[in-house]
């Protein structure tokens, strides 16, 4: 058991390194990474369940249960990302000057499409590293929502990735 916990912690740190060093548009880094574990993880899982009940939003309880049974969680997000200045329209606006992120219910947006791609590459790099080390994981948007609301990450957009080392992957065969 001690070896599994140590292995999971090392893998979480390596995954955080993968997210940190992932390529970024124009070489500008707006990606933030946090590792949550121990009592903070258990409190967070409880907050996910309570958020689902309070808001009537589906599957926050199911995902909260997954987080409760995890050994750690990575939070990967964007903070204060500027546009790339391409005026490409991929964000839905004709020019970058028109894109003005504002606070919505769960995330701050809209965001530059290229910065969201940076976030996706960072998340993909992290889960690739976890997979290489046989750490079960699942990318969870709901965990990102609650992480922002609970103040666990100071990000405008965030994804959570709970990690598990068990005989069977706890993130699949889940009930809706």
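The values are calculated or read from the model by the stated rules, or taken from the named source; none is laboratory data. Owing to the predicted nature of the structure, the values given are computational and were not obtained by experimental measurement. Neighbour counts run over all protein chains shown; Cβ positions are idealised from the backbone, glycine included.
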ask   = Is it the case that segment 49-64 has a residue that's touching a residue at least 12 places away in the same chain (Cβ under 8 Å), within 30 Å of residue 5 (Cβ to Cβ) and in contact with a strand residue (DSSP E or B) (Cβ under 8 Å, 6 or more places away or on another chain)?
value = yes
task = Among the candidates 113, 90, single out the residue that is farther than 28 Å from residue 64 by Cβ and touching a helix residue (DSSP H, G or I) at 6+ places or on another chain (Cβ under 7 Å).
result = 90
ask   = Does residue 130 fit the bill of being part of a strand (DSSP E or B), more than 15 Å from residue 77 (Cβ to Cβ) and at pLDDT 95 or above?
value = no
note = So, first residue on the phi > 0 side of the Ramachandran plot and surrounded by fewer than 23 Cβ atoms within 10 Å (Cβ to Cβ) in segment 131-149, second residue part of a helix (DSSP H, G or I) and at pLDDT 95 or above, Cβ within less than 9 Å, six or more apart or across chains; the pairs are 134/11
query = So which residues in segment 115-130 are surrounded by fewer than 21 Cβ atoms within 10 Å (Cβ to Cβ) and within 19 Å of residue 82 (Cα to Cα), if there are any at all?
reply = 116, 117, 120, 121
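For residue 125, state whether it is out of contact with any strand residue (DSSP E or B) (no Cβ under 9 Å at 6 or more places or on another chain), under 16 Å from residue 25 (Cβ atoms) and either modelled with pLDDT under 95 or not in a loop (DSSP other than H, G, I, E, B) (or both). It would help to see each step written out before you state the result.
Working: out of contact with any strand residue (DSSP E or B) (no Cβ under 9 Å at 6 or more places or on another chain): yes; under 16 Å from residue 25 (Cβ atoms): yes; either modelled with pLDDT under 95 or not in a loop (DSSP other than H, G, I, E, B) (or both): yes.
Answer is yes for this residue.
Which ones in segment 77-121 are in a strand (DSSP E or B) and more than 13 Å from residue 155 (Cβ to Cβ)?
Selection gives 102 alone.
What are the residues in segment 37-76 that are in a loop (DSSP other than H, G, I, E, B) and farther than 21 Å from residue 126 by Cα, if any? Don't jump to the end; show me each part of the working.
Within segment 37-76, the first condition is being in a loop (DSSP other than H, G, I, E, B), and the residues that meet it are 56-59, 69-71.
Listed by number, the residues that qualify are 56, 57, 58, 59.
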request  = Pull up segment 137-162, narrow it to residues that are farther than 19 Å from residue 12 by Cβ and part of a loop (DSSP other than H, G, I, E, B), then point me to the one that is modelled with the highest pLDDT.
outcome  = 156
message = Can you pull out every residue in segment 23-57 that is farther than 30 Å from residue 84 by Cα and crowded, with 16+ Cβ neighbours inside 10 Å?
response = 36, 37, 41, 44, 45, 47, 48, 49, 51, 52
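Looking for whichever is over 14 Å from residue 164 (Cβ atoms), buried (at least 21 other Cβ atoms within 10 Å of the Cβ) and more than 19 Å from the chain's Cα centre (by Cα) here; the options are 95, 83. Which one fits?
The conditions single out 83.
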